[in-house]
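Bear in mind that the values in this text are calculations on the coordinates, not laboratory data. Everything numeric here is computed off the predicted structure, so don't read it as measured data.
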Amino acid sequence: MPATSTPSGGAPRVLGHPSRDAIRLEDVLHALADPVRLGIVLVLDEAEGECSCSVFDAPVSKSTLTHHFRVLREHGVITQAYRGTAKMNALRRDDLEDLFPGLLDTVLTAARRQAAAGLGAGAGAAATGATSRS
């Protein structure tokens, strides 16, 4: 399900997403293993909808943050779609729950517990916060 938009005077921009059946467990686990990406997923989980890339305040450069979003998208954890000039992000919660029941909730609960205990895991979640919601 490609996301498209048509920039003024240009061809539509298409972002590649794996089909639901192409999402693999090892890819999802790899995507969630990075603290910055895990922080992004925590914010999207709490948002209950779409968030623009610009609302994330992560401890990395903009180009590195773009890379993390791409990894999450290409591994089937999030969807991205252009809405005008904004790239909107949403968690693929339903797909992940159908494919790997309980996995996402278990990982996010553990990350929240570790962040609350100051154990370092989920450090990306503590440093990656939405500055505003779109």
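According to the calculation over all Cα-Cα pairs in segment 13-130, the P(r) per 5 Å bin from zero is 2, 12, 23, 26, 20, 12, 3, 1, 0 %. For the pair ASP57 and ASP27 in one chain, pulling the backbone fully straight at 0.36 nm per residue adds 8.3 nm over the alpha carbon distance.
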